[in-house]
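One structure below.
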Amino acid sequence: MQTPDPIAPIPVEPADLLREHFGWSEFKGGQEAVIRSLLAGRSALAVFPTGGGKSLCYQLSALVFPGVTVVVSPLIALMKDQIDFLHRHNIAAARLDSSLSLDETKAVEAGMVAGTLKLLYVSPERFNNERFLSLLSRTHLSLFAVDEAHCISEWGHNFRPDYLKLAETARTLGAERALALTATATPAVAEDIRKAFDIAPADTVITGFYRSNLRFATTPVSADKRDALLLSRLQKRKPGATIVYVTLQKTAERIAAYLAASGFNAVAYHAGMENEARASVQDAFMASPDTVVVATIAFGMGIDKADVRYVYHYNLPHSLEAYSQEIGRAGRDGEPSTVELLACPDDVPTLQNFAYGDTPTYAAIFALVSELLSLGERFDVALYDLSSRFDIRLLVMKTVLTYLELMGVVKQGTPFYAGYEFRPLPPHTPATIAGAFPGAAGELVTNLFAMAKRGKIWFSLNPETVAESLGVERKRVTRALEVMEERGFIELRASDTRQVFTRLRPEEDATAITEDLMARFVTREENEITRLRRVLQLVTHDGCQVNELVGYFGETRDAPCGHCTFCLTGKRQVLPSATEPPPLDDAVLEQATQLQEQFPDALGSDRQLARFLCGLSSPALTKARITKHALFGALESRPFGEVLDAVSG
């Protein structure tokens, strides 16, 4: 990331910082090189394996920078763990999220502006928050650190539209340097990250993906023998903390119950559980040396447990990137550990369906594009409203709008809130609050209370409407509300986030844009299917499987690893044939057609109906409340294309 003027280097030895603040004598591989780049005033990219110590790079650097280091991460668990660690070392660190109380939020914001806070952890979605961006603009931003930076790449395995705008946001906010961090970047994805943040190749530190302490096993197995094989593995191994990864929430529940009934301390973990239940599982896993957590991919991200001895994949991972990240949670203490993939081809349709299920219908995309083009040169929209009305999942809707930016159709501006609610905090009243501000400021406050709609407790207003009525800029209204909150006069909450866009060309062809968007989604489908195919190819690879895996990420090794299944057996593995499904039940298809007539908005198109039968949710299905229907997911073990053909015929 370039800045107008060079940043003066900070003449500090990283090793001295390490000893002074953490009492450690040695860096892990790559850490010192990254820190030296940052201290020299340059941006950097750190590609370290899971457990490779990426977080220390920004934690240590932040201590000598004069301003605040913002750490962008999607992982709430990581934020909490790291903040606890930093507090134990008397380092001022905090996070901003919706779980904080008003007083806690105000304390964090005050620390940002005053410069007493050294590290602030936020999610990428926080940058859609108008108030947060306003606060950052008044903050000395020394370092902008982005964890899971592979999400910035459109061709990465976990593209997140919110990430794509982070580099531009950092530039706009005047961040002095950036640090991008990831454990799973192929050479192409690493180049995307460097390009986004203007990181020089010399400031890219890749430590390698090879882990000598992991026994790397892949075992082909048929679906009917998989449960018994997993149980046998657990019964024969030495005790140790264990993660069993599965694809579906119901599989996590079933396998956890199966293992618990067999005498293991096994618990399920997935995104469908209540927050308290998930936190309880995490805490138990951290404290126990022998807990078996049967989990979807929602588990493990940011969990700092070094002594995980076993990671089993009951189901196929959807990509080598995901697999590398998940097995990287084993043996982070350097002690011998086992990772094993139970490779069953019956998993393929379900994983493929996730890829196909994200693609919107042509009709939905065309209707969306046509509406956006009708809104004028500058317009604002609510993503949840668009998602619901056009039956496009929220993340996919964000991707559509991001694609429109990449295509040069629109450019996104700063999001804003269309609604604010506020209430005076005792003993303050509207009159006493206005009296605390002199002159014109007091008059503005009086007008805000007068023009706001008053409920039993809360006042509410649209800042755009009020600003227009008063003949002032909108930011004067929002800033007045923020100042009242900062001074403890009111409790303030914002609502109705609106995304702002500007049309870049006066004339557009809705049909051409729709076809371009559909082609992009088809390409994404093909990429996801190719990633899944690479997982199967790894299992059956005729050679060292570890070398094949790390080679995917650009690492070349001269000698076989000696501890993968191929090296230990000298044999190429063969996958069993997938279970032949029974013929499609005509009764299911007939019932689905009848249901389609009852819910035309949710199931009207063939693709919508196919998604429903394959167990793939959408906004319209949720709105219609039919995801609990017996037919939902009735054909989830079938390939999406086959189901789509069946309902189309």
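Observations, loosely collected:
- Selection count, the range 609-628, where residues are in contact with a helix residue (DSSP H, G or I) (Cβ under 7 Å, 6 or more places away or on another chain) and either under 21 Å from residue 247 (Cα atoms) or not hydrophobic (A, V, I, L, M, F, W, C) (or both): 10
- So residue 54, is it at pLDDT below 90 and among the charged types (D, E, K, R): no
- Taken over the range 522-557, the criterion of being not in a helix (DSSP H, G or I) and not acidic (Asp, Glu) is satisfied by 540, 541, 543, 544, 553, 554, 556, 557.
- Inside the range 66-98, residues that are surrounded by fewer than 21 Cβ atoms within 10 Å (Cβ to Cβ) and part of a loop (DSSP other than H, G, I, E, B) make up a count of 10.
- Residue match in the range 586-605 (condition: touching a residue at least 24 places away in the same chain (Cβ under 8 Å), over 26 Å from residue 364 (Cβ atoms), outside the structural domain of residue 541 (by TED's automatic domain parsing) and surrounded by 12 or more Cβ atoms within 10 Å (Cβ to Cβ)): no
- Flag for residue 641 being under 26 Å from residue 348 (Cα atoms) and free of Cβ contacts under 8 Å to residues at least 24 places away in the same chain: no
- Residue 512 being of a type in the set (A, V, I, L, M, F, W, C) and either modelled with pLDDT under 95 or in a strand (DSSP E or B) (or both): no
- Pick from the range 477-519, criterion basic (Lys, Arg) and under 29 Å from the mean Cα position of the chain (by Cα), ranking: farthest from residue 421 (Cα to Cα): 503
- Any hit, the range 482-494, residues being surrounded by fewer than 15 Cβ atoms within 10 Å (Cβ to Cβ), at pLDDT 90 or above and not assigned by TED's automatic domain parsing to the domain that holds residue 321: yes
- If you check 370, 388 for being in a helix (DSSP H, G or I), farther than 25 Å from residue 506 by Cβ, polar (S, T, N, Q) and outside the structural domain of residue 607 (by TED's automatic domain parsing), only one passes: 388.
For (1) surrounded by 19 or more Cβ atoms within 10 Å (Cβ to Cβ); (2) among the acidic types (Asp, Glu); (3) on the phi < 0 side of the Ramachandran plot; (4) modelled with pLDDT under 90, each residue gets a yes or a no:
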| site | (1), (2), (3), (4) |
| --- | --- |
| 292 | yes, no, yes, no |
| 300 | yes, no, no, yes |
| 330 | yes, no, yes, no |
| 338 | yes, no, yes, no |
| 341 | yes, no, yes, no |
| 349 | yes, no, yes, no |
| 354 | no, no, yes, yes |
| 359 | yes, no, yes, yes |
| 363 | no, no, yes, no |
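- Within the range 117-128, considering residues that are touching a Leu at 6+ places or on another chain (Cβ under 9 Å) and in a loop (DSSP other than H, G, I, E, B), the one farthest from residue 71 (Cα to Cα): 118
- Qualifying residue in the range 330-347 (condition: in contact with a Gly (Cβ under 6 Å, 6 or more places away or on another chain), of a type outside the set (Ser, Thr, Tyr), touching a residue at least 40 places away in the same chain (Cβ under 8 Å) and over 30 Å from residue 508 (Cα atoms)): yes
- Failed item, numbered, when residue 322 is tested on (1) assigned to a helix (DSSP H, G or I); (2) in contact (Cβ under 8 Å) with a residue 60 or more places away in the chain; (3) in contact with a strand residue (DSSP E or B) (Cβ under 6 Å, 6 or more places away or on another chain): (3)
- Per the listing 72, 68, 34, the residue uniquely under 29 Å from residue 159 (Cα atoms), in contact with a Pro (Cβ under 8 Å, 6 or more places away or on another chain) and in the same structural domain as residue 139 (by TED's automatic domain parsing) is 72.
The values are calculated or read from the model by the stated rules, or taken from the named source; none is laboratory data. The model shown is predicted, which means the values in this text are computed figures rather than measured ones. Cβ: placed from backbone, ideal geometry, glycine included. Neighbour counts: every protein chain shown.
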